[in-house]
1. Exactly one of (1) among the hydrophobic types (A, V, I, L, M, F, W, C); (2) surrounded by fewer than 18 Cβ atoms within 10 Å (Cβ to Cβ); (3) within 20 Å of LYS34 (Cβ to Cβ) is unmet by LEU96. Its number?
2. Which condition breaks for LYS90 when tested against (1) more than 20 Å from PHE14 (Cβ to Cβ); (2) crowded, with 17+ Cβ neighbours inside 10 Å; (3) touching a residue at least 24 places away in the same chain (Cβ under 8 Å); (4) in contact with a Leu (Cβ under 8 Å, 6 or more places away or on another chain)?
3. Does region 2-15 contain at least one residue that is surrounded by fewer than 19 Cβ atoms within 10 Å (Cβ to Cβ), part of a helix (DSSP H, G or I) and not aliphatic (A, V, I, L, M)?
4. Would you mind finding the one in THR106, THR93 that is hydroxyl-bearing (Ser, Thr, Tyr) and more than 9 Å from the chain's Cα centre (by Cα)?
5. Pull up region 55-72, narrow it to residues that are free of Cβ contacts under 8 Å to residues at least 24 places away in the same chain and touching a Ser or Thr at 6+ places or on another chain (Cβ under 7 Å), then point me to the one that is surrounded by the fewest Cβ atoms within 10 Å (Cβ to Cβ).
Amino acid sequence: MFQGKSTTEGKRFFVRIDKDLEDLIPGYIENRQKDIKSIRAALEAGNFESIRILGHSMKGSGGGYGFDEITKIGASLEKAAKDNDIEAIKEWTEKLSEYIDSVEITYG
């Protein structure tokens, strides 16, 4: 499976994704935006298990779509949720939000 390559320049993330995935990427990104809202709501409710599951899902899916950074963030969210670490969850959720807002995707 194609692995995307990403680099950071300032706060911009540049990712090259396989052209075969182009139709799937907008939905994938939209779902991560929904995940951010879900994580924040779960945190408010003290539902660490939901956050763990969302992090685990991102950890598993990110690389498959070419978003290695989402895999990393997902793994960190999963661990933070297992540890009931509220501050780390907030930090990683913010990093995910920043990443989603600043990622620039090219296809090839």
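What follows draws every value from the coordinates through simple rules; no lab data is involved. Computed from a prediction, not measured in an experiment: that's the story for all the values here. Don't worry about glycine lacking a Cβ; one is built from the backbone with ideal geometry, like all the others, and counts go over all protein chains shown.
1. In the conditions (1) among the hydrophobic types (A, V, I, L, M, F, W, C); (2) surrounded by fewer than 18 Cβ atoms within 10 Å (Cβ to Cβ); (3) within 20 Å of LYS34 (Cβ to Cβ), LEU96 misses (2) alone.
2. All conditions are met except number (2).
3. no
4. THR106
5. Ranking the qualifying residues of region 55-72, first place goes to LYS59.
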